[in-house]
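The structure under discussion appears below in the form of structure tokens.
The values are calculated or read from the model by the stated rules, or taken from the named source; none is laboratory data. These numbers come from a predicted model, not from an experiment. Cβ: placed from backbone, ideal geometry, glycine included. Neighbour counts: every protein chain shown. Protein only, heavy atoms only, side chains kept; ligands, DNA and RNA dropped before computing areas. Shrake-Rupley method; radii C 1.70, N 1.55, O 1.52, S 1.80 Å.
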Amino acid sequence: MSDAENSTQNSTEISTEFTLEKLLPILLEGAGADDRVDLGGDILDAEFTALGYESLAMLETAGRIEREYDISLDETALAEAVTPRALIDLVNTHLPAARTA
């Protein structure tokens with residue numbers, strides 16, 4: 001596969017669905033991880049504060065998501081997304097595939 005095809009495939013993957021597997025690296029790059037928390041476990045419905053992510057870490061995470069996926073997240077909705085599942089759902093509603101569906 002050429003670089004152009006690979007780039008197109010990656011862009012398609014990025015814009016189709018945001019998942020926990022895509023969120024975790026962004027969380028880790030932006031804010032690290034609490035050694036006492038197993039991010040490999042069932043964390044979809046755990047509150048970010050219980051996972052060791054406070055508001056500043058979430059702002060950094062949101063900024064990274066916005067830049068990487070070229071979207072803008074509403075601050076109020078972002079504040080209400082207190083679990084990974086809620087944040088993933090919020091991001092997915094802003095991706096181009098969701099807007100055209």
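Looking only at residues that are in a helix (DSSP H, G or I) and not aliphatic (A, V, I, L, M) in region 31-62, which one is surrounded by the fewest Cβ atoms within 10 Å (Cβ to Cβ)? Break it down stepwise before answering.
The initial filter retains those residues of region 31-62 that are in a helix (DSSP H, G or I), namely 31, 55-62.
Then keep just the ones that are not aliphatic (A, V, I, L, M); that gives 55, 60-61.
On the way: SER55: 10, GLU60: 16, THR61: 21.
Checking each candidate, the answer is SER55.
Quick one: count up the residues across region 63-78 that are open to solvent by 90 Å² or more (accessible area, probe 1.4 Å), without any contact (Cβ under 8 Å) to a residue 24 or more places away in the chain and part of a helix (DSSP H, G or I). Spell out how you get there, then give the answer.
Of the residues in region 63-78, the ones open to solvent by 90 Å² or more (accessible area, probe 1.4 Å) are 67-68, 70, 75.
With the extra rule that they be without any contact (Cβ under 8 Å) to a residue 24 or more places away in the chain, the set shrinks to 67, 70, 75.
From what's left, part of a helix (DSSP H, G or I): 67, 75.
Matching residues across region 63-78 total 2.
Between a first residue in region 26-47 that is touching a residue at least 12 places away in the same chain (Cβ under 8 Å) and of a type in the set (Gly, Ala, Ser) and a second residue that is part of a loop (DSSP other than H, G, I, E, B) and open to solvent by 100 Å² or more (accessible area, probe 1.4 Å), which pairs have beta carbons less than 9 Å apart while being 6 or more apart in sequence or on different chains?
Within 9 Å, the pairs are ALA31/GLU54.
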